[in-house]
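I have placed the structure first, in the form of structure tokens, so that the comments after it can refer back to it.
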Amino acid sequence: MLKTTLEQWFLLDSVVKEGTFAGAAERNNRSQSSLSYQLGLLQQRLGIALLKQEGRRAVLSAEGHQLLAQVRPLLEGFSALEARADALQRGERSRIDLMVDAIVPKALLFDVLHQFQQRYPHVRIWLSEIVRSETPDRLAEEQADLWLVAQHGNESLAGESLMSIDFIAVAHRLHPLHSEPSPLSAATLARWPCITILDRQQQQQPEFNGEQAGNWSFTTLSAAIEAVQHQLGYGWLPEQTIAPLLSSGELRPLPLLQGQRRSTSLMLRINEERLPGNGTIAELARLFIDRVARMR
């Protein structure tokens, strides 16, 4: 039989965080005498003094520091286990399927996911990244709980307009286009490959092998950016994503006669069929909306 219990260690941790027995007792809905008894029993069974008084505060002894540091991962794991059990009891799923366009700013994406993880450690995120041309097909499949996707074509998307993503025409600083007289015309651009982003299915379509045959296409945003970095051509790339490359001067905006900048709307859409009983989906959506609002 074990000498100690998880409850006793939870109470010890609470005393340390609150600083006093009275504060820990109130936080755990216990009488102070009950809490003191359990901690006294814990120390008696271990044969070690885990706490000491410094003024009015209860602080860990050297031995208490060592032992509580070792047990805290167990306490956190047990708390996460019970939180997941509570969610399952309420009928909530333990996973959210999130589908995002590759142009979603990564700082925004991971900041929101970190906030969500802190609030709902029992909920896992399965993230799929797509390119803009895949949007209609992926939405039609309805295989995600939440989408952050770019407007594609003229067809309007149902959902929340989250933010505008700006694209800017750029080339490597040593690309010959920067030696051409400015402003650059469409005829001048046509002499060089344009780096585009297409999904695999779109790459096989005849219309992209005709008038756009001179373009180079890639199926990921990261590959397209690297292609421009390696002077394979020029392209319209998300300005926020390539901001460090613009700041360093590695990539430079092209002085076009017209059309240097483009933009597209980033839409947030919830799969309403999966929403009942799954409040964490709506909460994740709200975190994205609040995070974008703070950027304005």
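The values are calculated or read from the model by the stated rules, or taken from the named source; none is laboratory data. All values reported here derive from a predicted model rather than from experimental measurement. Ideal geometry is used to build each Cβ from the backbone, glycine not excepted, and the neighbour counts take in all protein chains shown. Each accessible area value is taken on the protein alone, full model and side chains, heavy atoms only, with ligands, DNA and RNA left out. Shrake-Rupley method; radii C 1.70, N 1.55, O 1.52, S 1.80 Å.
Side notes on the structure shown:
- Scanning segment 245-275 for residues that are open to solvent by less than 50 Å² (accessible area, probe 1.4 Å) and part of a helix (DSSP H, G or I) returns 245, 246.
- Residue, nearest to the chain's Cα centre (by Cα), within segment 155-173, restricted to residues that are open to solvent by 50 Å² or more (accessible area, probe 1.4 Å) and under 18 Å from residue 244 (Cβ atoms): 166
So that you can scan it fast, the table gives a plain yes or no per residue for (1) among the basic types (Lys, Arg); (2) open to solvent by less than 20 Å² (accessible area, probe 1.4 Å); (3) touching a residue at least 24 places away in the same chain (Cβ under 8 Å):
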position: 38; (1), (2), (3): no, no, yes
position: 54; (1), (2), (3): no, no, no
position: 58; (1), (2), (3): no, yes, yes
position: 69; (1), (2), (3): no, no, no
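- Of the numbered criteria (1) exposed (fewer than 14 other Cβ atoms within 10 Å of the Cβ); (2) closer than 19 Å to residue 172 by Cβ; (3) small (Gly, Ala, Ser); (4) modelled with pLDDT of 90 or more, the one residue 227 fails is (1).
- Among (1) at pLDDT below 90; (2) part of a helix (DSSP H, G or I); (3) surrounded by 12 or more Cβ atoms within 10 Å (Cβ to Cβ), the one test that residue 152 misses: (2)
- Against the numbered list (1) in a helix (DSSP H, G or I); (2) in contact (Cβ under 8 Å) with a residue 24 or more places away in the chain; (3) not hydroxyl-bearing (Ser, Thr, Tyr), residue 104 comes up short only at (1).
- Qualifying residue in segment 62-75 (condition: more than 30 Å from residue 121 (Cβ to Cβ) and in a helix (DSSP H, G or I)): yes
- Taking segment 67-84 as the range and being closer than 16 Å to residue 8 by Cα and not aliphatic (A, V, I, L, M) as the test, the residues that pass are 70, 72, 73, 76, 77, 78, 79.
- Taken over segment 71-115, residues that are within 29 Å of residue 19 (Cα to Cα), open to solvent by 40 Å² or more (accessible area, probe 1.4 Å) and among the hydrophobic types (A, V, I, L, M, F, W, C) amount to 3.
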